[in-house]
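Here's the structure, in C-alpha cells; my notes come after.
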Amino acid sequence: MSEIAIYLPGIVLAYSAFLLSIMSPGPNVLAIMGTSMSQGRPAGLALALGIATGSFCWAVLTATGLSALLAGYALALTAIKVVGGLYLLWLALKAFRAAARRHDIAARGIAGGSLPPWRCFLRGLAIQMTNPKAALAWIAVISLGLQPGAPGWVALVIVAGTTALSVAIHAIYAMLFASAPMLRLYARARRVIQFTLGSVFAFAGLKLLSSRA
C-alpha cells in the first residue's frame, strides 16, 4: 500500500497531462470530427480506434524504452526530464497562443472520399504513428510518472490507463461530432479549453524541470 502511495501522484499527473492533451482540438481530433460529420459514426469510430491504437504503440515503445534506459543509466533521467519539461512548456505556450486567437476550429475529414471502416482504422493508425511529435509527447507523459527504480507495474498502469482514456475520449468525439451543432458548441469552448490546457502543461513542465532525479 505504501508503494502505491509513492508512485500514485506521478501516475495521476501523467494521466492528467495526457487527458488534457487529447481534449485539445488538434489535427487528430479534427480528423475524427470531420470524418464523423462527412462519413458517419462508423467511419469516425474506426478512425478513432486507429488513432488510439497508434497512441498505445507509442506508449509501449516509450515506456519500455525509458525503463530500459533508466535501468542501465540512472543519470539519463535528468536529460529525459529536461527534454520532457521543455516540451511541456512549449505545448503550454502553443496552447496559450491558440487561446488568444479568435478564429474557429475547422474540422476536416480524411482525404480520399468515403472509405470502409477498416481503411479508416489503418488511416488513423498511420496518422498517429507517423506523427514525429507523438514521441516527444510520450516522453513527457511517461517521464511524469516514471521514476528511477520504479517497478514494472508503474509503467504498465500508465500505459493501460492512458490507452483506456485514449479509446474512450476519441470514441466520444466520433459519436458526438457526427452532427454539426456539436462541432459549433466545441468551437465556442475552444479558447477555454486551450487556456486550461496551457495552464496544466505549464504546471507539469515546471514540476518536471524542478523535480529531483
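Here, each number is a calculation from the coordinates, and none is a lab measurement. For clarity, every value in this text was computed on a predicted model and none was experimentally measured. In this analysis, Cβ positions are derived from the backbone assuming ideal geometry, glycine residues included, and neighbour counts consider all displayed protein chains.
Within the set of other residues whose C-beta is less than 13 Å from the C-beta of Pro117, count the net charge using Lys and Arg as +1 and Asp and Glu as -1.
Details: positive: Arg41, Arg119, Arg123; negative: none.
It works out to a net charge of +3.
Computed extension length for Cys57-Val82: 6.7 nm, one decimal, from 0.36 nm per residue of separation with the Cα-Cα distance subtracted. Each of Arg188 and Arg119 was given a label point 7 Å from its Cα along the Cα-to-Cβ line. The distance between the two points is 3.7 nm.
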